[in-house]
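Structure first, then comments.
The values are calculated or read from the model by the stated rules, or taken from the named source; none is laboratory data. Just so we're clear, the structure is a prediction, and the values are computed from it rather than from any experiment. Glycine gets a Cβ as well: all are built from the backbone with ideal geometry, and neighbour counts include every protein chain shown. Remember, those area values only see protein heavy atoms, side chains included, never the ligands or the DNA or RNA. Shrake-Rupley method; radii C 1.70, N 1.55, O 1.52, S 1.80 Å.
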Amino acid sequence: GIAVAVYNFGDWMSCFRLLTPYLPITAVLVVWGMAELLRRLREGLHASWCGPCRLAMAALVVYTAAGQFQWRRPAVGVSPDRELAGLLNQSSQPGLLAATDVLGRLSYFADKVPVLDMAGLTDAYIAEHGKPSPPFGRTDFDYVLSRRPHFIMNNVRSAWTRRLKTPAFVDHYWWVDRALWTRPDDAAAKARFVFVRRGSVLESELRHRYP
């Protein structure tokens, strides 16, 4: 958690959950480093590299924690994860397979549905062969599409920009929330990118739910 936050100069996760577990030990390190340095200076001893090093490292983590506030806290009710997961759980789609890089939320709420982790945290193939994609892990969209998931939910549009212009993708997947992303005055609703396999039972169900 700390390594990812330092790399990104801030905790970009909702509710700041990357750094929150480390804040108590961070406070201890800061106090310990400052006390050690002041003690050595007060006693006229040569301050070894250990004290300043501990202080510098702790200060770096504190700076990173402060940097998390550059990210806005998500507005309540914006994320569609729970609603969509509920629809997946109730779907009559045979052999339903979902794919997402929001594994925690979707797999938690859609506990009856197999979920392919697009970031490779729980998928052995992507973890081994995927392309590094900080801060989200590894990605292999060709592999994901080869699994022919019925439902795809993604955080970042840039991952799909090229495929959104590819007939092979557009002909096989319906962009469910396209209207939200093409409406300039509704930026708050732009929380996910959702695609559903065309011709599937799930497509009919979602088109009925979102006419």
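Checked against the criterion of being among the acidic types (Asp, Glu) and touching a Ser or Thr at 6+ places or on another chain (Cβ under 8 Å), segment 109-131 has at least one qualifying residue.
Applying the condition of being at pLDDT 75 or above and over 25 Å from Gln93 (Cα atoms) to segment 165-195 and asking which residue is least open to solvent (accessible area, probe 1.4 Å) yields Thr166.
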